[in-house]
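Comments concern the structure below.
The values are calculated or read from the model by the stated rules, or taken from the named source; none is laboratory data. Just so you know, these numbers come straight off a predicted model, no measurement behind them. As a convention, Cβ positions derive from the backbone with ideal geometry for all residues, glycine included, and neighbour counts pool all protein chains shown. Ligands, DNA and RNA are excluded from the accessible area calculation, which covers all protein heavy atoms including side chains. Shrake-Rupley method; radii C 1.70, N 1.55, O 1.52, S 1.80 Å.
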Amino acid sequence: MKNPRFKGYIYWGVTLLAVIACSVAFVFFLLKFQMVAAAAGKLVDVLMPIIYGAVLAYLMLPVYNKTRRYVTENLSVKVKNEKMVQSAARGLGTLVSLLLLIAIVVGLCWMLLPQIYTSILGLQESFSENINNLSSWLQKQLADNEALEQMVVPVYEQVTDKLETWLYDTLVPNMSMVINILSTGLLGVVTVLKNSLIGLIVMVYFLNIKDTLSAQSKKIVYSLFPLKQANRIIEEVRFTHSVFGGFITGKLLDSLIIGVICFFCMRLLRMPYVLLVSVIIGVTNVIPFFGPFIGAIPSAFLILLVSPMKCLYFLLFVLVLQQFDGNILGPKILGESTGLPSFWVLFSILLFGGLLGFVGMVIAVPTFAVFYHLTSEYVNRCLEKKALSQSTDDYRDLDYIDEAGNEYIERKE
């Protein structure tokens with residue numbers, strides 16, 4: 001018969017060993033951070049096709065699921081062989097997802113690349129004239145104030161000279177090179193094409209084995225953790241999926257609609273660089289909170305070179321558009337997909353944007369929403385064990401809690 005006391009010693013010994021191992025690993029991580037970061041970067045480069053495939057599969061999952069469900073419901077009435085029905089549903093779901101993805105990519109490239117290239121070349125050709133027109137307008141506005149003119153005009157000329165040098169020597173040659181490489185299929189894009197093609201294959205695999213991967217993951221969780229803990233882990237994974245899926249797909253749809261609205265309204269207002277600016281506004285709108293400002297600044301500058309008054313109209317239009325998006329369109333599409341307070345939205349974007357750049361700003365809100373939810377649940381469980389209130393309002397004017405009867409004593413002003 002085993003000694004329970006001896007079993008307890010083994011448990012605490014294993015726990016202590018695990019804590020020491022984790023501490024040593026953490027110290028090594030801090031001391032060799034650059035080496036660890038380089039190794040992680042190399043691993044990410046190697047796994048990039050898998051990452052492409054996983055992201056594409058996750059984005060196309062709603063299309064795959066709806067197609068598979070529709071085929072199953074309609075085909076099961078006519079075909080009694082369940083295995084054949086499921087096989088046909090998986091095949092058609094994969095085919096529809098693949099064709100839709102290819103159609104979106106080809107359509108966007110066919111519509112956008114020539115127009116963007118034409119806009120940039122047009123900007124290059126008219127840049128000097130636009131700069132001169134803007135300088136004349138600025139001097140006319142400052143004609144009555146010589147002191148302000150002497151202070152503003154030299155700074156303006158210095159900025160425009162640097163911008164013109166950057167535009168002619170860096171931006172346009174590089175854009176021409178990128179367009180030429182993309183159109184002729186030279187060796188510079190072989191890696192991207194390889195990752196994209198392998199990513200499509202990986203996406204097909206992920207879509208078809210997602211049920212098996214899900215079942216295997218549940219099997220591993222139930223084998224490693226007690227039943228209550230395992231159920232909680234699976235529940236939290238489902239919550240994470242709902243937050244990420246709802247937010248990312250909703251934000252992509254929201255940004256697409258904003259880009260289309262921007263295109264037609266700019267056409268109506270006869271703004272320059274309509275397609276280029278609409279793409280900038282639509283893409284940057286994927287970033288919550290800061291996206292409108294990030295997209296509006298370079299767009300407004302491009303329009304300013306053509307017409308200062310149109311630039312003012314554009315800024316007013318963007319302000320109205322973003323109010324419409326933030327108060328009407330966004331809530332209708334996204335709803336309460338994250339449940340994250342406004343301050344923590346700002347905090348998460350600054351934090352993840354500083355760590356991971358553009359990708360970090362995109363995934364910041366759903367990632368932090370999951371962390372916020374897990375922390376809230378943990379705090380509430382701890383309060384429940386102590387028989388204390390889980391309502392935040394009960395702690396607003398709290399001075400202390402009486403230890404004898406758990407009585408809440410309010411703070412005296």
Of the residues in region 288-347, how many are open to solvent by 80 Å² or more (accessible area, probe 1.4 Å) and in contact (Cβ under 8 Å) with a residue 40 or more places away in the chain? 2
Only one of ALA296, ALA300 is assigned to a helix (DSSP H, G or I), modelled with pLDDT of 85 or more and in contact with a Leu (Cβ under 6 Å, 6 or more places away or on another chain). Can you tell me which? ALA300
Just to check your reading of the model, which residue among PHE317, PHE352, PHE347, PHE343 is in a helix (DSSP H, G or I), touching a Leu at 6+ places or on another chain (Cβ under 9 Å) and among the aromatic types (Phe, Trp, Tyr)? PHE317
Filter region 53-65 down to residues that are touching a residue at least 40 places away in the same chain (Cβ under 8 Å) and either open to solvent by 80 Å² or more (accessible area, probe 1.4 Å) or polar (S, T, N, Q) (or both), then give me how many there are. 0
Specify which of the listed residues (ILE220, ILE234) is surrounded by 14 or more Cβ atoms within 10 Å (Cβ to Cβ) and within 28 Å of ARG90 (Cβ to Cβ). ILE234
Extreme residue, least open to solvent (accessible area, probe 1.4 Å), among residues of region 191-217 that are in contact (Cβ under 8 Å) with a residue 24 or more places away in the chain and hydroxyl-bearing (Ser, Thr, Tyr): SER196
From the list ARG68, ARG90, which residue is closer than 30 Å to LEU197 by Cβ, open to solvent by less than 70 Å² (accessible area, probe 1.4 Å) and basic (Lys, Arg)? ARG68
Which members of region 291-309 meet the condition of being closer than 18 Å to LEU350 by Cβ and β-branched (Val, Ile, Thr)? ILE294, ILE297
Apart from one, (1) within 24 Å of VAL243 (Cα to Cα); (2) part of a helix (DSSP H, G or I) all hold for PHE289; the odd one out is (2)
